[in-house]
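Have a look at the structure below before the remarks.
The values are calculated or read from the model by the stated rules, or taken from the named source; none is laboratory data. From a predicted model like this one, the values you see are computed outputs, not experimental measurements. Heads up, the Cβs are rebuilt from the backbone with ideal geometry, glycines too, and the neighbour counts pull from every protein chain shown.
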Amino acid sequence: MSSGEARLAPVLWKFLGLIAFIVAATWGVHELRGALNLTIMPENEQQVHRAVMLGSFVFVVLLAFPFVPGAEIGVALLTAFGASIAPLVYAGTVLAMVLAYAVGRVLPMEALVRFLRLLRLRKAAELVERAVPLSGEERIEMLMEGAPSRVVALGVRNRYLAMALAVNTPGNSIIGGGGGIMMMAGLSGIFAPLPTFLTIAIAVSPVPLAVMFLGLTL
């Protein structure tokens, strides 16, 4: 085996492990989705309410966790219970995103550097390492100066819009899911708490609001 192949093998195994984790997490979410397809009747109302609370708790935890497609649990809750559960799903989604962001805020950036080096993303790790001693504004300036294209520069300049789009992009679990995206946003130090909260509160509102006020069925 050549030295290049030897260096590539650990990266390949990590990538396959990540894919396996995503597949397993997706399977678990679908199993929970099936379990939540309940019909409320007088004789099982208490059990259904317990299932809703359990599902809401799992929903928040999974959605806040990186690389897990927890949004499917929200769809499962909306599908099973309709408009009555929409406010809870909306509040849970916002809570999960804010929780992931808060975790990112308190984690040291060195943790992100180690994670990137673990994935053999050396250039990204070096970029983050350079940003460690800088303030939020200085990090933005550094990213703008080193931006390889107008698209990247535009994304940094309009970073809250980019965050909203990333969180709502279908299949975003491949790039970290909503939880991973928000955790990285917190780690970066370039997203202020209040604008981040308002961005998330608006970004995740369309589907629950459509279910509540427009009668959308999933």
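I'd like the residue in segment 167-185 that is surrounded by fewer than 20 Cβ atoms within 10 Å (Cβ to Cβ) and within 18 Å of L95 (Cα to Cα) and, out of all such residues, is modelled with the highest pLDDT.
Filtering first and then ranking leaves N168.
Which of the numbered conditions does F213 fail, given that it passes all the others? Conditions: (1) modelled with pLDDT of 80 or more; (2) over 25 Å from A83 (Cβ atoms).
(2)
Taking the options L62, L77, L99, name whichever one is modelled with pLDDT of 85 or more, among the hydrophobic types (A, V, I, L, M, F, W, C), part of a helix (DSSP H, G or I) and within 23 Å of L209 (Cβ to Cβ).
L99
Taking segment 186-210 as the search range and keeping residues that are surrounded by 14 or more Cβ atoms within 10 Å (Cβ to Cβ) and closer than 18 Å to S135 by Cα, which one is modelled with the highest pLDDT?
T196
Just checking, how many residues over segment 128-146 are at pLDDT below 70 and surrounded by 15 or more Cβ atoms within 10 Å (Cβ to Cβ)?
4
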